[in-house]
Each structure stands twice: as C-alpha cells, then as structure tokens.
Amino acid sequence: MKNDNLILSYLRQDARVSLTNMSRKTSIPISTLYERLKAYKKNYIKKNTAILNFDNLGYGARAKVLLKVSKKQKEDLREFLVKCQHINELVKVNNGYDFFVEFVFQNMKELEGYLEGLGNRFDIDDEKVFYIVDELKKECFMSNPLVEKMSKSYK
C-alpha cells in the first residue's frame, strides 16, 4: 500500500499512461499495477474523463455561482440543476449558501439570460456570480509523481 499515492499520482498526471511505462517509472511489476488499478476503480476512482478547453470549443462564458434558495424550493432547484446541460460542476455547500455551480455557455448574453431565468423560476434569496477570467490550475492535487516519491523518502 505504500506505493498507492505514487501510482495514483501517475494516473492523475495522465490517466492513459500504459502499465508498461508506469512499471518502468515506479519499479512496480505490471501484474501488481494491474491488480491495484482494479481495486482503485472500486474504491478511489469516481470517473475517467477528459478535461476540455472550453474556450477552444467555443464556450467562452463561464462562471462559478453561489446560490442560496428558500428551504421550500431547495430540492426543486437541486433537481433542476442536476439536469441542466450547461453545468460543469454542481456541489452542495454550507455557510449560508446551498449550491456552488459552474456554468458554461458560448457567450455572456446566454449566461446572463440563463441566470435571470433561474431567478424568475426559483425563490433565490442570494446569488454571487464569479466570472472565470483564466484557469490557473485545475485537477492538480496528487498529480506530481516526483512529490509522491520525495514524500515517501521522508517517512
């Protein structure tokens, strides 16, 4: 189990890395890596996906939005947001708010129109909109095998 973080960091860096290459880099036998990956899929890995460049795909308007809604409509809003195709991320939060949502649209007009329609459809008590100007770092936690190798040597 001591190599789990190292293996996971290689997967976080490149989920398509071959077992042969990972074995060379980690000195862990391919058969061991294969068995560990099967276990990881049951316990640790939620989803294998690609991280897209939305700007290059024509989706230049993105915002993270905090929403606070009346108690009586909280479940209705949750169900509505779960089904929305313009949401990249939806999480339940605390500290006075209910949801933190990342919206993705082609342009600012569509995004603003959608948020306005959301306010008309639900009793939203408070809304804080943070427009994404530039992504500086994303999905990087536990993705550097060198850090994992170094942390092992200090234990």
With contacts defined as alpha carbon pairs under 8 Å and 6 or more residues apart, what's the relative contact order of the chain in percent? 32 percent
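Check each of the trypsin sites (Lys or Arg not before Pro) in the range 38-83 and keep only those in coil by DSSP with at most 15 other C-beta atoms within 10 angstrom; list them in order.
Passing sites in the range 38-83 are Lys46, Lys47.
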Just to confirm my numbers, what's the Cα centroid distance between the range 36-85 and the range 123-140 in Å? 13 Å
Of all alpha-carbon pairs in the range 61-131, indicate the percentage at a distance above 16 angstrom. 41 percent
Between the range 94-109 and the range 1-23, how many Å separate their Cα centres? 33 Å
Kindly flag which residue pairs out of Lys42/Lys83; Lys42/Lys128; Lys47/Lys109 have an alpha-carbon separation exceeding 30 Å in this structure. Lys42/Lys128; Lys47/Lys109
Within the chain, what's the longest run with no GluC sites (Glu not before Pro) in a DSSP loop and at most 15 other beta-carbon atoms within 10 Å? Give the range, please. 1-134
Extension gain, Glu110 back to Val93 (0.36 nm per residue minus Cα-Cα distance, nm): 3.6 nm
About the Cα centre, charge dipole magnitude for the range 61-131 (Lys/Arg +1, Asp/Glu -1 at Cβ), debye: 140 debye
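So which chymotrypsin sites (Phe, Trp or Tyr not before Pro) in the range 9-45 are both in a DSSP loop and have at most 16 other Cβ atoms within 10 Å of their Cβ? Spell out each step's value before the answer.
On the way: sites: Tyr10, Tyr34, Tyr40, Tyr44; in loops: Tyr44.
Listed in order of number, the matching sites are Tyr44.
No lab work stands behind these numbers, since they all come straight from the coordinates. Since the structure is predicted, the reported quantities are computational estimates derived from the model, not experimental observations. When we count neighbours, we look across all protein chains shown, and the Cβ atoms used for this are built from the backbone with ideal geometry, even at glycine.
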